[in-house]
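Reviewing the structure listed below.
The values are calculated or read from the model by the stated rules, or taken from the named source; none is laboratory data. What you see is a predicted model, and the numbers here were worked out from it, not measured in a lab. Neighbour counts run over all protein chains shown; Cβ positions are idealised from the backbone, glycine included.
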Amino acid sequence: MQTNTLNIKILGTGCQNCITLEHNARQAVTELGLDATVDKITDIETIMGYGIMSTPALVVNEEVQSARRVSPVEEIKIMLTAKTQTKQPTDTSSGNACGCSHAC
């Protein structure tokens, strides 16, 4: 996993769905033991800047992950895990484009 901090934003004006999404995001971060910041964004112009017209929305590292619904904790954990995965470095020393030892 990467050691970089995830930047999570909950976009919403403060309705119960927005509150629940924030709770779910914080719980997912805690359960995964991630280094992350969770910010609540309530400014309508900022929210619209993400292309969101209906809240709540979940943004991870400046990419909208969900909108117009409350994502459950397990779904958020999947999203966050995907964001923390690192790509394996490609070893092209074998002369093959993919880096494996086969004749690809």
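Counting only residues that are surrounded by 14 or more Cβ atoms within 10 Å (Cβ to Cβ), part of a loop (DSSP other than H, G, I, E, B) and either of a type in the set (A, V, I, L, M, F, W, C) or touching a Cys at 6+ places or on another chain (Cβ under 8 Å) (or both), how many does the range 43-57 have?
3
From 34, 21, grab the single residue that is surrounded by 13 or more Cβ atoms within 10 Å (Cβ to Cβ), of a type in the set (A, V, I, L, M, F, W, C) and part of a loop (DSSP other than H, G, I, E, B).
From the options 34, 21, the qualifying one is 34.
Starting from the range 26-53, take each residue that is of a type in the set (Ser, Thr, Tyr) and list its partners that are modelled with pLDDT under 95, counting only C-beta distances under 8 angstrom and pairs at least six apart or across chains.
37/5; 42/13; 42/14
Filter the range 58-78 down to the residues that are on the phi > 0 side of the Ramachandran plot and surrounded by 12 or more Cβ atoms within 10 Å (Cβ to Cβ) and list them by number.
61
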